[in-house]
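Presented below is the structure to which this report refers.
The values are calculated or read from the model by the stated rules, or taken from the named source; none is laboratory data. These figures come from a predicted structure and were not determined experimentally. All Cβ positions, glycine included, derive from the backbone under ideal geometry; neighbour counts span all protein chains shown. What goes into the accessible areas is simple: the full protein's heavy atoms, side chains included, and nothing from ligands, DNA or RNA. Shrake-Rupley method; radii C 1.70, N 1.55, O 1.52, S 1.80 Å.
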There are 2 protein chains.
Amino acid sequence: MKCTVCRETASVEIRRHNSGFCKTHFLEYFENQVRKAIHDYRMFQPDERILVAVSGGKDSLALWDVLLRLGYRADGLYIGLGIDEYSDSSAAKTRRAPCSACGLGKRYTFNRIAAEGGYDVICTGHNMDDEAAALFGNVMHWQTDYLARQSPLMEAESSGLVRKAKPLYRLSERETAAYCVLRGIDYQVEECPMALGNKTNQYKELLNQLELQSPGTKHHLLFGFLERAQPFFRAGDPTPLRPCERCGEPTSGEVCSFCRMIERAGLAKTQGLDIPLAAVEADR
Amino acid sequence: MKCTVCRETASVEIRRHNSGFCKTHFLEYFENQVRKAIHDYRMFQPDERILVAVSGGKDSLALWDVLLRLGYRADGLYIGLGIDEYSDSSAAKTRRAPCSACGLGKRYTFNRIAAEGGYDVICTGHNMDDEAAALFGNVMHWQTDYLARQSPLMEAESSGLVRKAKPLYRLSERETAAYCVLRGIDYQVEECPMALGNKTNQYKELLNQLELQSPGTKHHLLFGFLERAQPFFRAGDPTPLRPCERCGEPTSGEVCSFCRMIERAGLAKTQGLDIPLAAVEADR
């Protein structure tokens with residue numbers, strides 16, 4: 001296949017756009033998709049401080065790299081969650097799947113650190129495949145509250161939630177991997193061993209089957225939802241947030257999910273907060 | 001496995017309900033599910049006249065049989081669509097897939113005949129698998145107008161649409177097949193050859209994969225939608241119907257989909273109506 005822009009030999013084919021790109025024009029395409037995401041959702045301004053949630057995988061490293069290249073003030077933060085006593089105990093004692101507990105802990109901790117560090121926005125490396133799979137799961141169970149909220153941008157809330165953005169939501173998993181390879185970024189290739197066979201990965205496989213039969217399936221599922229269906233759910237879901245009675249972080253209930261999880265795991269004597277913060281390492 | 005009711009050997013296992021039934025109690029379960037569907041959606045009253053859309057397959061024959069056993073005034077009508085010049089031409093000349101053209105023609109014709117024959121309601125044999133697959137397709141493309149309307153009951157409209165009901169929507173494909181076998185109903189086992197590999201069948205296969213991993217997936221998808229998600233779409237979709245300029249049947253546009261299809265197929269000199277009615281055979 002030839003590059004859609006310059007007719008040189010293409011390195012990366014993108015079937016859903018019926019396009020292919022050489023190295024130079026793929027990197028340009030990638031940056032343009034990130035620019036478009038930031039622009040369309042007004043994710044952040046050039047002078048704002050960005051905290052990138054870094055896992056060490058292709059998505060978060062590609063995101064951090066591209067934001068810096070686009071001139072943004074982006075710091076990366078890695079949280080050592082998922083390997084120490086905390087998450088072993090969570091996995092053993094809570095009634096949640098480990099992925100759910102891990103995600104909850106990370107979201108909670110990132111929000112807390114971003115707020116305390118004066119960051120304007122948290123950026124995560126969620127790509128199109130992640131977003132389509134999450135959407136698929138929310139649809140299969142018709143979790144209408146999640147459907148009302150799932151978005152490339154979640155605005156800050158006065159209750160204490162820092163603004164969150166997903167600048168890679170227009171790019172597929174294959175494309176973020178290609179970006180890292182072409183940029184020489186050395187990323188952790190293996191999936192988290194705890195995540196093998198989880199629901200999200202099952203949904204990703206199903207969507208990949210559909211994508212093979214009809215290129216663009218994931219794109220249409222996600223973008224059709226954001227453009228046409230989500231407004232219906234948003235119109236009907238005005239759940240207000242308020243401070244958690246235990247830790248003061250925002251929640252829709254009396255006690256936030258994080259404190260409830262910590263309580264179930266039997267880890268918190270006074271406040272759940274001490275545990276995750278002990279596992280945080282600021283990288284940069 | 002033992003029958004959940006009488007502990008005899010079970011003939012039919014129903015994993016999503018974690019149940020099994022002997023012949024007697026399966027037939028009782030089947031009738032109860034149909035009763036519950038009719039009751040919950042107030043589909044029709046004992047004195048109303050029902051026109052059953054009969055294809056010769058397991059679903060429509062099971063439906064006709066069970067409605068008569070429950071004491072309803074149900075006539076079956078078979079339309080010889082799908083084998084003659086009309087649908088050959090449709091398949092060759094329209095831009096729709098043949099299944100879509102066939103369904104459109106049948107819906108149109110049944111409505112016309114039911115209205116002229118003074119029937120109160122049209123019943124179709126759509127089962128849970130059909131409804132879940134249609135829902136899945138509507139979600140993958142976020143067809144919000146279809147999502148607002150897809151229902152086990154569609155009320156009559158003053159514009160001329162006869163009430164339509166799907167009394168088998170609580171029962172799976174396997175269960176309607178089992179009903180026919182246990183009742184000795186000789187049905188057309190082969191799928192329509194035109195439908196092989198169509199989208200709906202692809203979606204059914206995917207849902208069957210998910211169902212194997214998590215029994216109840218289809219049930220939760222469909223019932224969760226009807227109970228929790230559809231109200232959002234209904235609230236935002238008040239498209240009124242009015243008479244088609246060509247044939248007078250109800251439509252949301254100026255010319256109805258059926259007349260537009262007939263026009264594209266180059267079959268209608270004056271009114272599309274003449275064609276399908278020629279292919280109708282009243283069975284009973």
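Hey, can you tell me all the residues within region B:200-253 that are more than 10 Å from chain A (Cβ to nearest Cβ) and of a type in the set (D, E, K, R)?
If the condition is that a residue be more than 10 Å from chain A (Cβ to nearest Cβ) and of a type in the set (D, E, K, R), then B:Lys204, B:Glu211, B:Arg242, B:Glu245, B:Arg246, B:Glu249 are the ones that fit.
Only one residue in B:Glu131, B:Glu157 is within 17 Å of the chain's Cα centre (by Cα) and not in a strand (DSSP E or B). Which one?
Details: B:Glu157 fails: within 17 Å of the chain's Cα centre (by Cα).
That would be B:Glu131, the only listed residue that is within 17 Å of the chain's Cα centre (by Cα) and not in a strand (DSSP E or B).
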query: Within region A:56-77, can you find the residues that are assigned to a strand (DSSP E or B) and open to solvent by 30 Å² or more (accessible area, probe 1.4 Å)?
result: A:Arg73, A:Asp75
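Kindly check whether there is at least one residue in region A:207-227 that is more than 30 Å from B:Glu205 (Cβ to Cβ), outside any helix (DSSP H, G or I) and modelled with pLDDT of 80 or more. Before the answer, list the steps.
Looking only at region A:207-227, we keep the residues that are more than 30 Å from B:Glu205 (Cβ to Cβ), and these are none.
Scanning region A:207-227 turns up no residue that is more than 30 Å from B:Glu205 (Cβ to Cβ), outside any helix (DSSP H, G or I) and modelled with pLDDT of 80 or more.
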query: In region B:134-154, which residue that is within 14 Å of chain A (Cβ to nearest Cβ) and part of a loop (DSSP other than H, G, I, E, B) is modelled with the lowest pLDDT?
result: B:Gln150
- prompt: Can you find even one residue in region A:178-198 that is open to solvent by 40 Å² or more (accessible area, probe 1.4 Å) and within 14 Å of another protein chain (Cβ to nearest Cβ)?
  reply: yes
query: Here are some conditions: (1) farther than 27 Å from A:Leu70 by Cα; (2) within 18 Å of the chain's Cα centre (by Cα); (3) β-branched (Val, Ile, Thr). A:Thr144 meets all but one. Which one does it not meet?
result: (2)
- prompt: Inside region A:157-197, can you point out the residues that are under 23 Å from A:Phe110 (Cβ atoms) and small (Gly, Ala, Ser)?
  reply: A:Ser158, A:Ser159, A:Gly160, A:Ala165, A:Ala195
- prompt: Out of region B:123-146, which residues are among the aliphatic types (A, V, I, L, M) and buried (at least 23 other Cβ atoms within 10 Å of the Cβ)?
  reply: B:Met128, B:Ala132, B:Ala133, B:Leu135, B:Val139
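Which of the following residues is modelled with pLDDT of 95 or more and closer than 19 Å to A:Pro215 by Cα: A:Gln33, A:Gln45? Break it down into steps so the answer makes sense when it comes.
Details: A:Gln45 fails: closer than 19 Å to A:Pro215 by Cα.
Only one candidate qualifies: A:Gln33.
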query: So which pairs qualify, if the first residue must be in region B:241-265 and assigned to a helix (DSSP H, G or I), the second must be open to solvent by 70 Å² or more (accessible area, probe 1.4 Å), the Cβ gap must be under 7 Å, and the two must be at least 6 apart or on different chains?
result: B:Cys259/B:Arg246; B:Met261/B:Arg96; B:Arg264/B:Lys93; B:Arg264/B:Arg95
- prompt: Could you list, in sequence order, the residues of region A:203-247 that are polar (S, T, N, Q), under 22 Å from A:Leu161 (Cβ atoms) and open to solvent by 20 Å² or more (accessible area, probe 1.4 Å)?
  reply: A:Thr239
